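A short write-up of the structure that comes next.
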Amino acid sequence: MEARPLRIGDITLRKPVFQGGMGIGISLSGLAGAVAREGGAGTISAAQIGFMEEDFDENPLKANLRAMKKELEKARKLAQGGTVGFNIMVAMNHYEAYVKRAAEIGADFIVSGAGLPVDLPELVKSYSIKIAPIVSTEKSVHVLLRYWAKKFNRIPDFLVIEGPKAGGHLGFTREQLEKFHPTIYRAEVGKIMEKVREFEEQFARKIPVVLGGGISGRGQSEEAFSMGADAIQVASRFVTTEECDAAQAYKQTYIAAGKEDIVLVKSPVGMPGRAIRNSFLERVERGERIPPSRCRGCLKKCKPMEIPYCITEALIHAAKGEVDDALLFCGADAHKIHKVETVKSVIEELMG
Ligand SMILES: Cc1cc2nc3c(=O)[nH]c(=O)nc-3n(C[C@H](O)[C@H](O)[C@H](O)COP(=O)(O)O)c2cc1C
């Protein structure tokens, strides 16, 4: 397989690989900058990105907006002219402020999921930043693209399809996750592609499609391109790279995990997620409530008094390497990872 460079407007990726955004604190400037330097697209996760800032507990929004700029600047230095953007989740409180910040500070793109980014075009209308929604089903792509076309007369600059084997929060119900076996999901991807083609025709412009979720080796990468993808999105494989911003203890949990350790969890975000079973998850499964030490107002919809645990605190524990108290997000194929590698070697293996 010969990986062809991908053009998205005035951006050219030498390697058609997007590194998936990973919050909290897993894909920051270190990983995103390294992927961009190797010719892929590096994605900084904006989710509670300011968790290391001194004023994070008192004013998380201010700390996050400041950290976005710092991380983008650091990533740009590492990237040597490569492409760097942000992953910003729709479910986040102050979503609009994060989107505007990414555009103002000159990121190359915004990828936005965990909900449908219905107003994203409006928020960035005076900027040249590229925008891409994350979709998982034909229904979601149909609803979103039709809405953008009618309301804003525009289509996405590219589109990310995230399949059922992805990590983090998943854009499926539990029932859909049971239904979508690989062959059935393949057919769904075909339907999404057909929908995309309709809008390409309507606007006489190509919408590059990025396919992700469970791409852990050359075989899956080739399969994605054979299904018509223009690029792949990969996250879990990058967690155990030397350059990844995750703590060493977090990387080791991936290396030690077996297939049976990877489970679906119910997240306070209201979507299923995928994570590595650990003592934290065992406590949650037993019905124990782990109350937040304080509420930082991270989600638009959250009832702090009712949730089993605080997603921000559980993910910050992960970012800090406090793995026994952490929610350890991972993709379904994370158990196939057995060593720490470099970003360069992962990209070479995936792309040839
Ligand atoms: C540790 C981890 C954290 C993630 N965090 C986010 C996130 O904050 N926002 C998001 O849209 N997707 C998130 N994802 C999903 C990835 O961006 C990606 O699309 C998906 O995991 C790809 O599948 P793979 O991990 O099998 O390569 C996360 C995935 C992982 C493994």
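Data for the structure
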item	result
Test result for G214, among the small types (G, A, S), crowded, with 21+ Cβ neighbours inside 10 Å and on the phi > 0 side of the Ramachandran plot	yes
Test: R283 is without any contact (Cβ under 8 Å) to a residue 12 or more places away in the chain and outside the structural domain of G214 (by TED's automatic domain parsing)	yes
Unmet requirement for M271, which otherwise passes all of (1) within 14 Å of the ligand (Cβ to nearest atom); (2) in the same structural domain as G23 (by TED's automatic domain parsing)	(2)
Search result, residues across region 338-352 that are in contact (Cβ under 8 Å) with a residue 60 or more places away in the chain and either closer than 24 Å to L13 by Cβ or aromatic (F, W, Y) (or both)	E341, T342, V343, K344, V346, I347, E349, L350, M351, G352
Residues within region 165-200 that are more than 14 Å from M227 (Cα to Cα) and at pLDDT below 95, tallied	14
Given (1) assigned to a loop (DSSP other than H, G, I, E, B); (2) in contact (Cβ under 8 Å) with a residue 40 or more places away in the chain, index of the condition A132 fails	(1)
Breaking point among (1) assigned by TED's automatic domain parsing to the domain that holds P60; (2) in contact with a Leu (Cβ under 6 Å, 6 or more places away or on another chain), for A318	(1)
Members of region 206-246 found to be assigned to a strand (DSSP E or B) and more than 14 Å from the chain's Cα centre (by Cα), listed by number	V209, A231, T241
Scope region 315-340; condition surrounded by 18 or more Cβ atoms within 10 Å (Cβ to Cβ) and touching a strand residue (DSSP E or B) at 6+ places or on another chain (Cβ under 8 Å); matching residues	L315, A318, L327, L328, F329, C330, G331, A332, A334, H335
Residues (part of a loop (DSSP other than H, G, I, E, B) and either within 16 Å of the ligand (Cβ to nearest atom) or hydroxyl-bearing (S, T, Y) (or both)) located in region 135-158	S136, T137, P156, F158
First in region 215-239 and over 22 Å from Y254 (Cβ atoms), second anywhere and small (G, A, S) and more than 6 Å from the ligand (Cβ to nearest atom), Cβ under 6 Å, 6 or more apart	none
Filtered residues of region 253-266 (kept if touching a residue at least 60 places away in the same chain (Cβ under 8 Å) and more than 11 Å from the ligand (Cβ to nearest atom))	I255, A257, G258, K259, D261, L264, V265
Test: R205 is surrounded by fewer than 14 Cβ atoms within 10 Å (Cβ to Cβ), closer than 20 Å to L6 by Cα and more than 12 Å from the ligand (Cβ to nearest atom)	yes
Strands (runs of 3 or more DSSP E) wholly inside region 8-125 that include at least 1 residues being within 16 Å of the ligand (Cβ to nearest atom) and either outside the structural domain of I207 (by TED's automatic domain parsing) or surrounded by 24 or more Cβ atoms within 10 Å (Cβ to Cβ) (or both)	17-19, 41-45, 83-87, 109-112
Region 217-250, subset among the aromatic types (F, W, Y) and surrounded by 24 or more Cβ atoms within 10 Å (Cβ to Cβ), residue nearest to A319 (Cα to Cα)	Y250
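The values are calculated or read from the model by the stated rules, or taken from the named source; none is laboratory data. Small disclaimer: the values here were computed from a predicted structure and weren't measured. So basically every Cβ, Gly included, is an ideal-geometry build from the backbone, and we count neighbours across all protein chains shown.
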